[in-house]
Amino acid sequence: MTADNRQSAVIFDDPVNSLSHQWSSKVAARLIAESHSRQVVVFTHDIVFFKLLLEQAEVQGAKHESVALERSRKFAGLVRDSAPWEALTTSKRIKYLNTKLQDLRRVDKDGTDAEFRQASRAFYGLLRETWERLVEEKLLNKVVSRFERGVYTQRLSRLVDISDTDIAKVDNAMGKCSTYFTGHDSAPAVGDPYPTIEEIEMDLHNIKDF
């Protein structure tokens, strides 16, 4: 790139695949810096490296877009217009849950009670993970973030307004999600009566509002 004066796009396929982890952050910073003067396309299977790219894009003020490639039982290369769920921010997860709520409405209207219960359990699992992401990203100002390499102590200065009310809201929401999500077996009587579609919608509204 130094020898070639053209500003054509560059494509990197798993650029840190054969490198030790201490080089990953330097490579991410260099690729984002290059993106200010040309289009840079990066393919990666490494969620940690992907998060490093997002981190550098934020630090350097770089514009970026993410897509995910998935495979079905029959086909590969299915394009999704967002990053994988694990890498989505709180706001993008809430946007995704909005679409899942519409799917849930259709099950509530046309499906059986058992189908609605199963679909809502999956919904509450995703909602619970979204609350977890909110805690690290919003409530704790990304001081510590999963998949990232460091603890950003300089961000601690913003953590001055967490109240008992905030803690109670998060605790109550996480507790409710843990009651209804898929992942724990329960006695038949536990979880009844099950939330209605209106109550599920309100639970999604609560995290948006918070």
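The values are calculated or read from the model by the stated rules, or taken from the named source; none is laboratory data. All of these numbers come straight from a predicted model, not from anything done at the bench. Here the Cβ is made from the backbone with ideal geometry for all residues, glycine too, and neighbour counts use every protein chain on show.
Reported count of residues in region 119-137, each being touching a residue at least 60 places away in the same chain (Cβ under 8 Å) and either under 18 Å from L54 (Cβ atoms) or of a type in the set (S, T, N, Q) (or both), is 3. Considering only residues in region 179-210 that are modelled with pLDDT of 90 or more, in contact with a helix residue (DSSP H, G or I) (Cβ under 7 Å, 6 or more places away or on another chain) and not hydrophobic (A, V, I, L, M, F, W, C), the one that is farthest from R133 (Cα to Cα) turns out to be P195. When region 104-117 is filtered for residues that are loosely packed, with under 14 Cβ neighbours inside 10 Å, of a type outside the set (V, I, T) and either out of contact with any helix residue (DSSP H, G or I) (no Cβ under 7 Å at 6 or more places or on another chain) or on the phi > 0 side of the Ramachandran plot (or both), the ones remaining, listed by number, are R106, K109, D110, D113, A114.
Based on this model, can you work out whether T153 counts as within 30 Å of A29 (Cα to Cα) and exposed (fewer than 15 other Cβ atoms within 10 Å of the Cβ)? Criteria met by T153.
When only residues in region 63-87 that are acidic (D, E) and either closer than 21 Å to R133 by Cα or in the same structural domain as S145 (by TED's automatic domain parsing) (or both) count, which is modelled with the highest pLDDT? Break it down into steps so the answer makes sense when it comes.
Of all residues in region 63-87, those acidic (D, E) come to 65, 70, 81, 86.
Checking which are either closer than 21 Å to R133 by Cα or in the same structural domain as S145 (by TED's automatic domain parsing) (or both) leaves us with 65, 81, 86.
Details: E65: 91, D81: 83, E86: 85.
By that ranking, first place goes to E65.
Quick check: anything in region 128-138 at pLDDT below 95 and touching an Asp or Glu at 6+ places or on another chain (Cβ under 8 Å)? No.
How many residues, within region 153-169, are in contact (Cβ under 8 Å) with a residue 24 or more places away in the chain and closer than 12 Å to K138 by Cα?
Narrowing region 153-169 to residues in contact (Cβ under 8 Å) with a residue 24 or more places away in the chain: 166, 169.
Still in the list and also closer than 12 Å to K138 by Cα: 166.
Adding up the residues that qualify gives 1.
Given the criteria outside any helix (DSSP H, G or I), out of contact with any strand residue (DSSP E or B) (no Cβ under 6 Å at 6 or more places or on another chain) and of a type outside the set (S, T, N, Q), does D161 qualify? Taking the combined requirement at face value, the residue satisfies it.
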